[in-house]
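K.L.:
This is the structure I have questions about; it appears just below.
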Amino acid sequence: MSSSGYTAKKRTTETDMYYSERPARHLIAHLLLLAALLPVFPLLAERGPGTAPEYATIENLSAIQRDEPIGAVQLTAHYLARIDRLNSQYNAVIATNPDAVKQARLLDEERRRGQLRGPLHGIPVLLKDNIESVDPLPTTAGSLALNANFAAQDAGLVKRLRDAGLVILGKANLSEWANFRSGHSVSGWSAVGGQTHNAYDRRRNPCGSSSGSAVSVALDFAPLAVGTETDGSVVCPSSANGVVGIKPTLGLVSRSGIVPIAHSQDTAGPMAKTVSGAVALLQAMQGADRRDPLSVGVNRNAVTDYRPHLKTDGLNGKRIGVARQMTGFHPAVEALINDAIEVMRAHGAEIVDPVHFETYGEFGGAEYQVLLHEFKADLNAYLASTPKAVETRTLEQLIAFNDRHADREMPWFGQDIFHEAQSKGDLQSKEYRAALKTSKRLAGKKGIDAVLRAHRLDAIISATGSAAWVTDMINGDHFIGSSSRFPAVAGYPHITVPMGFIHGLPVGLSIYGGHLSEPVLIEVAYGFEQATGHWRPPEIP
């Protein structure tokens, strides 16, 4: 069930046995999964959007549990079996949760007693492996240095997911340290999980850092997954793997218990095959958490029920601006944007094309300085809070660890960003404070806010990114376009939804707006999705 790179110490003897590679136990596990799955395959196939059982939607999965004798145990077994069968081709899942079936069984018992926790009761979800959970799995951020990082409590968002009745299926692979170790990195690679491959073409990159989460949803290793983003790490892999991703307003989802990059931009976000699925997961994730004071303030003013905003006519009457500055990097991508605009017009949207960002290209350097300073401070604080078995307690010690284990940690690229961050001062330095003020102002007040106000817009659209590039372990990533920076730095919401395909590779449409504008963005995203239906499953060799 686990990746070949998974080398962590396990919490209990029972867990050691679960992860054993002895053929007898491996065969028994397969037989148990098969027995649990026998009743579920025909029902899933009947209700899914296609003939394959693995592509049932969240609505269909909920209906199956409500109307048929199919429970969380059988759904969980179905996804575990699928991961076991296909993950070795994609490296999307670092490890499955030995307690997943046990959790599912308890939720089935609650259902039999009529005790439902919500619309996602009994639905499995994968967590990016920088999000803590008390399951017998370490939270590694993809690094061998955190192989002993077993959490004593759930991350704030994970507690909310459990309370909502979701099954924690396992941990998804990621770009190690959320892609903040080297400027020559390869997205989707970690020392623990290896290289994640794009769901639509294994030669191509999945984008990062939430690569495993997006690929897992695209391949239906789970119906839902959680990623995290500092700048692009939810929306880029979602776009490159043809799924829906939501980067919420900063603070809407608690950041407690998540391995950090930078507190002024970090957030977790949901991924699903459909807008309604992502919205359902966002609703379960969001909420105040005393361990994250920002979440307390933000959630006082946030909408708590997004379901009324899933409107098939969500485009009607919306005034939408087109940011051509984040679109014209590839003619095929621009053609897809033009097609999307025509769909929106046909469904009642008023299009303002183009809208211009006066601060475009002016604050990337300031953002980077903020990330370097905050990474050092935030990671040092996080490492100091980890269990005593974790030997690397500071960024400086982490750099030394990587040097000692360079053959496994740095076979393809180094840790130049780590060294840059280590050289920075604290969060009281003039350099940091000036960079933070500049980047927030140019991305927010002088950026998104100014464009929305000048054109009286409900939302802004552009291309999320390019089609996936061929993975190059020697030269690193080959980004040629992105829409993530303005909403990421401003801390504003950003939704990506499938927009079409270029030579069989998916590309997403970015929809973003002001602080806490999730309701209107959901209306636009859902309306566009319902009008187009661009999603289609990848072909699996």
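K.L.:
For region 412-461, name all the residues that are β-branched (Val, Ile, Thr) and farther than 26 Å from Ile320 by Cβ.
P.N.:
Applying the first criterion (β-branched (Val, Ile, Thr)) to region 412-461 yields 417, 438, 448, 451, 460-461.
Scanning region 412-461 gives Ile417, Thr438.
K.L.:
Now, a different point. Considering Thr392, Thr386, Thr304, which residue is surrounded by fewer than 15 Cβ atoms within 10 Å (Cβ to Cβ) and among the β-branched types (Val, Ile, Thr)? Working first, answer last.
P.N.:
Values: Thr392 fails: surrounded by fewer than 15 Cβ atoms within 10 Å (Cβ to Cβ); Thr386 fails: surrounded by fewer than 15 Cβ atoms within 10 Å (Cβ to Cβ).
That would be Thr304, the only listed residue that is surrounded by fewer than 15 Cβ atoms within 10 Å (Cβ to Cβ) and among the β-branched types (Val, Ile, Thr).
Matching residues to (1) closer than 14 Å to Pro248 by Cα; (2) touching a residue at least 24 places away in the same chain (Cβ under 8 Å); (3) of a type in the set (Ser, Thr, Tyr):
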residue: Ala272; (1), (2), (3): no, yes, no
residue: Ser276; (1), (2), (3): no, yes, yes
residue: Leu282; (1), (2), (3): yes, yes, no
residue: Met285; (1), (2), (3): yes, yes, no
residue: Asp289; (1), (2), (3): no, yes, no
residue: Gly297; (1), (2), (3): no, yes, no
residue: Val303; (1), (2), (3): yes, yes, no
residue: Leu310; (1), (2), (3): no, yes, no
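K.L.:
Run Glu68 past the list (1) more than 25 Å from Ala151 (Cβ to Cβ); (2) modelled with pLDDT of 55 or more; (3) in contact with a Ser or Thr (Cβ under 9 Å, 6 or more places away or on another chain) and report the number of the one that doesn't hold.
P.N.:
Every listed condition holds for Glu68 apart from (3).
K.L.:
Return the pair list, or none, for Cβ contacts closer than 7 Å from residues in region 369-381 that are farther than 18 Å from Ser439 by Cα to residues that are part of a helix (DSSP H, G or I), at least 6 apart or on different chains.
P.N.:
What qualifies is Lys376/Leu395; Lys376/Ala421; Lys376/Gln422; Leu379/Leu395; Asn380/Leu395.
K.L.:
Take the residues in region 201-233 that are among the β-branched types (Val, Ile, Thr) and over 16 Å from Ser484 (Cα atoms), then tell me which one is surrounded by the fewest Cβ atoms within 10 Å (Cβ to Cβ). Show your work before the answer.
P.N.:
Of region 201-233, the ones among the β-branched types (Val, Ile, Thr) are 215, 217, 226, 228, 230.
In the following step, the residues that additionally are over 16 Å from Ser484 (Cα atoms) were identified as 215, 217, 226.
Numbers: Val215: 33, Val217: 32, Val226: 30.
Only one residue fits best here, namely Val226.
K.L.:
Which of the helices (runs of 4 or more DSSP H) found entirely inside region 62-172 contain at least 2 residues meeting this: of a type in the set (Gly, Ala, Ser) and in contact with a Pro (Cβ under 8 Å, 6 or more places away or on another chain)?
P.N.:
Numbers: elements: 72-90, 100-112, 156-163.
So the answer is 100-112.
K.L.:
Right, here's the next one. Could you tell me whether any residue of region 417-430 is closer than 30 Å to Ile337 by Cβ, in contact (Cβ under 8 Å) with a residue 40 or more places away in the chain and among the aliphatic types (A, V, I, L, M)? Write out each step before concluding.
P.N.:
From region 417-430, those closer than 30 Å to Ile337 by Cβ are none; that's our starting set.
The answer is no, given that none of the residues of region 417-430 is closer than 30 Å to Ile337 by Cβ, in contact (Cβ under 8 Å) with a residue 40 or more places away in the chain and among the aliphatic types (A, V, I, L, M).
K.L.:
Scan region 169-178 and give yes if some residue there is out of contact with any His (no Cβ under 8 Å at 6 or more places or on another chain) and either surrounded by fewer than 24 Cβ atoms within 10 Å (Cβ to Cβ) or of a type in the set (Val, Ile, Thr) (or both), otherwise no. Break it down into steps so the answer makes sense when it comes.
P.N.:
First, pick out the residues of region 169-178 that are out of contact with any His (no Cβ under 8 Å at 6 or more places or on another chain): 169-178.
Now narrow it down to the ones that are either surrounded by fewer than 24 Cβ atoms within 10 Å (Cβ to Cβ) or of a type in the set (Val, Ile, Thr) (or both): none.
No, region 169-178 contains no residue that is out of contact with any His (no Cβ under 8 Å at 6 or more places or on another chain) and either surrounded by fewer than 24 Cβ atoms within 10 Å (Cβ to Cβ) or of a type in the set (Val, Ile, Thr) (or both).
K.L.:
Still on this structure, I have one more. List the residue pairs whose Cβ atoms are under 8 Å apart, where the first residue sits in region 152-171 and is of a type in the set (S, T, N, Q), the second is in a loop (DSSP other than H, G, I, E, B) and surrounded by fewer than 24 Cβ atoms within 10 Å (Cβ to Cβ), and the two are 6 or more positions apart or on different chains.
P.N.:
Gln153/Val134
K.L.:
Being among the hydroxyl-bearing types (Ser, Thr, Tyr), in contact (Cβ under 8 Å) with a residue 24 or more places away in the chain and more than 27 Å from Ala280 (Cα to Cα) narrows it down to one of Ser216, Ser185, Ser211, Ser175, so name that one.
P.N.:
On the way: Ser216 fails: more than 27 Å from Ala280 (Cα to Cα); Ser211 fails: more than 27 Å from Ala280 (Cα to Cα); Ser175 fails: more than 27 Å from Ala280 (Cα to Cα).
Just a single option satisfies the conditions, and that option is Ser185.
K.L.:
In addition: Inside region 433-458, can you point out the residues that are closer than 18 Å to Pro493 by Cβ, of a type in the set (D, E, K, R) and in a helix (DSSP H, G or I)?
P.N.:
Lys440, Lys445, Asp449, Arg453
K.L.:
Given the condition among the acidic types (Asp, Glu) and crowded, with 20+ Cβ neighbours inside 10 Å, answer yes or no: does some residue in region 417-438 qualify? Before you say what the answer is, go through the steps one by one.
P.N.:
Going through region 417-438, the residues among the acidic types (Asp, Glu) turn out to be 420, 426, 431.
Cutting the leftovers down to crowded, with 20+ Cβ neighbours inside 10 Å gives us none.
No - not one qualifying residue is present in region 417-438.
K.L.:
Conditions first: (1) surrounded by 24 or more Cβ atoms within 10 Å (Cβ to Cβ); (2) under 22 Å from Arg307 (Cβ atoms); (3) in contact with an Asp or Glu (Cβ under 7 Å, 6 or more places away or on another chain). Arg117 passes all but one, so which condition is the exception?
P.N.:
Unmet condition: (1).
K.L.:
Additional query: Using the structure shown, decide if Ala384 is free of Cβ contacts under 8 Å to residues at least 24 places away in the same chain, farther than 28 Å from Pro498 by Cα and small (Gly, Ala, Ser). Before the answer, list the steps.
P.N.:
Values: free of Cβ contacts under 8 Å to residues at least 24 places away in the same chain: yes; farther than 28 Å from Pro498 by Cα: yes; small (Gly, Ala, Ser): yes.
For Ala384, the condition - free of Cβ contacts under 8 Å to residues at least 24 places away in the same chain, farther than 28 Å from Pro498 by Cα and small (Gly, Ala, Ser) - is met.
K.L.:
Testing Asn198 on (1) in contact with a Phe, Trp or Tyr (Cβ under 7 Å, 6 or more places away or on another chain); (2) buried (at least 24 other Cβ atoms within 10 Å of the Cβ), one condition comes back false. Which one is that?
P.N.:
(1)
K.L.:
Taking interchain pairs and intrachain pairs at least six residues apart, which have beta carbon atoms under 8 angstrom, with the first residue in region 91-120 and basic (Lys, Arg) and the second in a helix (DSSP H, G or I)?
P.N.:
So the pair list comes out as Arg105/Ala72; Arg105/Val73; Arg111/Gln65; Arg111/Ala72; Arg117/Leu107; Arg117/Glu110; Arg117/Asp163.
K.L.:
A follow-up question, please. Look at Leu137 and say whether it is farther than 23 Å from Ala278 by Cα, in contact (Cβ under 8 Å) with a residue 24 or more places away in the chain and crowded, with 22+ Cβ neighbours inside 10 Å. Don't jump to the end; show me each part of the working.
P.N.:
Details: farther than 23 Å from Ala278 by Cα: yes; in contact (Cβ under 8 Å) with a residue 24 or more places away in the chain: yes; crowded, with 22+ Cβ neighbours inside 10 Å: yes.
Yes: the conditions hold for Leu137.
K.L.:
Then there's this: Being out of contact with any strand residue (DSSP E or B) (no Cβ under 6 Å at 6 or more places or on another chain), basic (Lys, Arg) and free of Cβ contacts under 8 Å to residues at least 12 places away in the same chain, is that true of even one residue in region 473-491? Walk me through how you get there before you give the answer.
P.N.:
Filtering region 473-491 down to residues out of contact with any strand residue (DSSP E or B) (no Cβ under 6 Å at 6 or more places or on another chain) leaves 473-480, 484-486, 488-491.
Then keep just the ones that are basic (Lys, Arg); that gives 485.
Adding the requirement that they be free of Cβ contacts under 8 Å to residues at least 12 places away in the same chain leaves none.
No, every residue in region 473-491 fails to be out of contact with any strand residue (DSSP E or B) (no Cβ under 6 Å at 6 or more places or on another chain), basic (Lys, Arg) and free of Cβ contacts under 8 Å to residues at least 12 places away in the same chain.
The values are calculated or read from the model by the stated rules, or taken from the named source; none is laboratory data. These figures come from a predicted structure and were not determined experimentally. Please note: Cβ atoms are built from the backbone with ideal geometry, for glycine as well, and neighbour counts cover all protein chains shown.
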